[in-house]
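**Student:** Can you read through this structure? Questions will come right after.
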Amino acid sequence: RVRCESGQNRSGLLREIRTAIRSEPFTDRYDVIPGRELGRGKFAVVRKCVEKSTGKEFAAKYMRKRRKGQDCRTEIIHEIAVLELAAACPRVVNLHEVYEMASEMVLVLEYAAGGEIFNQCVAERDEAFKEEDVKRLMRQILEGVAFLHRSNVVHLDLKPQNILLTSESPLGDIKVVDFGLSRLVSSSHEIREIMGTPEYVAPEVLNYEPISTATDMWSIGVLAYVMLTGISPFLGDDKQETFLNISQINVSYTEEELEQLDGAAVHFIKSLLIKEPESRASAEDCLKHQWLQPRQEIVSEPVSPAASSHDEEEESAQLTEELIVMAA
Ligand code: ADP
Ligand code: MG
């Protein structure tokens with residue numbers, strides 16, 4: 001058990017965990033599947049493993065405690081604490097156990113067999129997500145993010161590599177992973193930092209302005225754009241150009257891929273890719289957005305055609321109204 005007086009510090013890191021840290025060799029209790037690793041980031045390698053006592057599959061995230069000569073155990077403890085905090089949320093990956101060795105820690109995570117949504121984002125259009133898939137997955141991503149935001153946690157690295165699927169075919173459910181950059185935002189301390197992945201980073205991060213839950217909502221906007229079109233909206237030829245595109249909100253809404261979509265999808269994206277963080281839709285707002293509402297079965301409901309078409313008319317009138325407000 002790790003303790004400190006306040007449980008958090010100025011940097012927005014949680015310092016208290018309740019998961020027992022095991023010191024026996026990880027391989028005593030798990031068989032690590034040889035061969036290809038599940039994934040890797042800057043400081044972590046993730047391997048598939050099987051718990052010997054149960055035969056259950058897990059993903060083992062190996063994290064070095066020292067990175068670039070700096071002790072990062074505090075950051076790892078924070079990542080564990082956030083996973084604990086989100087344990088009740090089915091859209092966030094579950095933490096099973098933690099092991100500590102001399103130079104590494106291993107986070108034993110629920111195995112997401114479908115891998116990163118990144119693969120479908122960059123796939124040829126016929127292999128890529130259909131709009132109906134994106135709607136369902138985006139609803140789930142928002143459920144996860146709304147849960148985190150209610151707990152004052154910002155993820156700060158929402159991108160297709162950190163959104164996994166329980167299965168690929170048939171298309172499963174979303175698991176949000178990687179809380180390595182996440183922070184606790186409280187009203188008392190302002191957090192300003194340069195981090196995240198260039199393509200998904202919000203303007204306030206580039207401008208060294210305060211970070212908030214709205215910072216994640218920008219990334220959700222970029223994510224929706226990429227999932228629907230396969231195009232990364234701000235990606236330039238180099239980092240500099242990407243950052244310039246972001247700070248100027250240089251984004252195209254006239255791409256052919258966007259024109260084939262429900263107008264509400266574009267409206268959804270536009271409600272997020274807004275420079276001022278306070279003007280962006282929240283995760284809760286997004287969950288109520290018209291684009292993500294279940295379709296009404298107006299064709300197969302011959303009993304009350306008048307009522308259905310009336311509802312539809314009302315909804316579309318409401319959307320038109322919102323669009324006019326947007327334009328103004
Ligand atoms: P990093 O902080 O280094 O980016 P991540 O937690 O994002 O580490 O893990 C790196 C990659 O490993 C992910 O992008 C994903 O491909 C894979 N991965 C991570 N967790 C799981 C999991 N629970 N199940 C399957 N694959 C995973
Ligand atoms: Mg990652």
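**Student:** Note down the relative contact order for region 48-187 as a percent, whole number, built from C-alpha pairs under 8 angstrom at least six residues apart.
**Tutor:** 25
**Student:** Something else about it: Work out how much length Phe43 to Ala113 would gain on full extension: take 0.36 nm times their residue separation and subtract the Cα-Cα distance, in nm to one decimal.
**Tutor:** Value of the extension gain: 23.0 nm.
**Student:** May I pose another question? Given the Cα-Cα distance of Asn152 and His267 and 0.36 nm per residue of separation, how much length would full extension add, in nm?
**Tutor:** Details: separation 115, 0.36 × 115 = 41.40 nm, distance 2.65 nm.
Taking Asn152 through His267 to full extension adds about 38.8 nm, to one decimal.
**Student:** Skip the ligands, DNA and RNA, and give the accessible area per residue of the chain with a 1.4 Å probe, whole Å².
**Tutor:** On a per-residue basis, the chain sits at 51 Å².
**Student:** For Lys288 and Asp133, what does the FRET efficiency come to when R0 = 22 Å and r is the distance between their Cβ atoms, rounded to the nearest 0.05?
**Tutor:** Efficiency for this residue pair is about 0.60.
**Student:** Taking the Cα-to-Cβ direction at Ile33 and at Asp238 and moving 7 Å from each Cα, how far apart do the two end points lie in nm?
**Tutor:** Taking the simple label geometry, Ile33 and Asp238 are separated by 4.1 nm.
**Student:** Turning to a different aspect of this structure: Please find, in a Gaussian network model of the chain (springs between Cα atoms separated by less than 10 Å), the residue of Leu38, Leu158, Leu109 whose mean-square fluctuation is greatest.
**Tutor:** Of Leu38, Leu158, Leu109, the most mobile in the Gaussian network model is Leu38.
**Student:** State, to one decimal in nm, how far the label point of Lys275 lies from the label point of Asn250, with both points 7 Å from Cα in the Cβ direction.
**Tutor:** 1.4
**Student:** In addition: To the nearest 0.05, what FRET efficiency results for Ile231 and Arg15 with a Förster distance of 41 Å applied to their C-beta separation?
**Tutor:** FRET efficiency, Ile231 to Arg15: 0.50.
**Student:** On the principal axes of its Cα set, how long, how wide and how thick is the chain? Give whole Å, largest value first.
**Tutor:** Sorted largest first, the three principal extents are 66, 44, 40 Å.
**Student:** Leaving out ligands, DNA and RNA, what percent of the accessible area of region 111-173 is carbon and sulfur, probe 1.4 Å?
**Tutor:** 45
**Student:** With labels modelled as points extended 7 Å from the Cα through the Cβ direction, what inter-label distance (nm, one decimal) is found for Arg64 paired with Ser103?
**Tutor:** 0.8
The values are calculated or read from the model by the stated rules, or taken from the named source; none is laboratory data. These numbers were taken from a predicted model, which means no experiment stands behind them. Glycine also receives a Cβ, built like all others from the backbone with ideal geometry; neighbour counts cover every protein chain displayed. Note: areas computed on protein heavy atoms with side chains; ligands, DNA, RNA excluded. Shrake-Rupley method; radii C 1.70, N 1.55, O 1.52, S 1.80 Å.
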